Amino acid sequence: MTTEPAAALAESDALELLSRGTMEIEGRLVDASNTTLRAEITLGGLTRRCVYKPVRGERPLWDFPDGTLAGREVSAFLVSQATQWDLVPPTILRDGPLGVGALQLWIDEPEDAESLIGFVPAYDVPHGWLPVANARDEDGDAYALAHADDPRLARLAVFDAVINNADRKGGHVLYPATGAIHGVDHGVSFHVENKLRTVLWGWTGKSLIDEATEVLKSLSSRLDGDLGSALEEHLTLSEVQHLRLRVRRLLRAGRFPKPPQDWPAIPWPPV
């Protein structure tokens, strides 16, 4: 039995492994608010790690229907897959040791991976970074929450605006050795009300990246067809309709959205 870096696995092979592989739970990720387990999954002599989020372990939320977070994780992958931006690791819904839940390919990060999001001294924001918010530490020293002006993060910001992601923390962005950027933890997305809460506000009000226009046009078309039908297996009809509306509004505006006025704009903790 061999274990290879997850990044070397093609998406189709990853989805087959997640769908048909045998799971063995390794342990719980204790920092997660809902039951989140790491497991090994094996098929035909190939082994990978995965994240398993059983529906029965979801903590009830006042603004999201009970038992729907796993389906929202899968929906985020389906939208990511349609963009062809490779933003969300392969994710499926299947039965597991603790019942039906979301299963996502585990993404390894090199030990020397550098985050493109974080708190930096307010007087020393790195060149090419965009400040988002001001803060002070316990000693009163000034810091800035900032992120790199990086096209990969800009893609993720567009994606989050599309899925209405209410929890884009810096810790929910992964940096594999492939040079890609992956977003994870999308269980509180796709709400019909504006819930966008993110650390990626550096492009607020600016023109969308050039490639976003064609991607959003393609999404709009596919939401009226195969993608919309697939999402309706995990989301309500109203949630899918509001997803269509968000895509069309982004296209019409041609700009990154501005922070909401009636909802905290930045998640806590931010990173």
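The values are calculated or read from the model by the stated rules, or taken from the named source; none is laboratory data. Model, not experiment: these values are computed from the prediction. Neighbour counts run over all protein chains shown; Cβ positions are idealised from the backbone, glycine included. Calculation scope for accessible area: heavy atoms of the full protein, side chains included, ligands and nucleic acids excluded. Shrake-Rupley method; radii C 1.70, N 1.55, O 1.52, S 1.80 Å.
Out of the stretch 74-96, which residues are in a loop (DSSP other than H, G, I, E, B) and either of a type in the set (Gly, Ala, Ser) or without any contact (Cβ under 8 Å) to a residue 12 or more places away in the chain (or both)? Before you say what the answer is, go through the steps one by one.
First, the residues of the stretch 74-96 that are in a loop (DSSP other than H, G, I, E, B): 84-90.
If the condition is that a residue be in a loop (DSSP other than H, G, I, E, B) and either of a type in the set (Gly, Ala, Ser) or without any contact (Cβ under 8 Å) to a residue 12 or more places away in the chain (or both), then no residue fits.
Restricting attention to the stretch 48-73, the residues that are touching a strand residue (DSSP E or B) at 6+ places or on another chain (Cβ under 8 Å) and over 19 Å from residue 28 (Cβ atoms) total 1. Given the condition more than 17 Å from the chain's Cα centre (by Cα) and open to solvent by 40 Å² or more (accessible area, probe 1.4 Å), answer yes or no: does some residue in the stretch 99-110 qualify? Yes, the stretch 99-110 has at least one match. Against the numbered list (1) assigned to a loop (DSSP other than H, G, I, E, B); (2) more than 25 Å from residue 67 (Cα to Cα); (3) within 12 Å of the chain's Cα centre (by Cα); (4) of a type in the set (Gly, Ala, Ser), residue 202 comes up short only at (3).
Across the stretch 40-73, the number of residues qualifying as closer than 14 Å to residue 190 by Cα, outside any loop (DSSP other than H, G, I, E, B) and either touching a helix residue (DSSP H, G or I) at 6+ places or on another chain (Cβ under 9 Å) or free of Cβ contacts under 8 Å to residues at least 12 places away in the same chain (or both) comes to 4. Sub-7 Å Cβ pairs linking a first residue in the stretch 205-234 that is farther than 30 Å from residue 149 by Cβ to a second residue that is not aliphatic (A, V, I, L, M), at least 6 apart or interchain, are 231/75; 234/71; 234/72; 234/75, ordered by first then second residue.
Considering the stretch 167-219, the residues that are open to solvent by 20 Å² or more (accessible area, probe 1.4 Å) and of a type in the set (S, T, N, Q) include one that is modelled with the lowest pLDDT, namely 178.
Number of residues in the stretch 47-67 that are modelled with pLDDT of 95 or more and open to solvent by 30 Å² or more (accessible area, probe 1.4 Å) equals 3.
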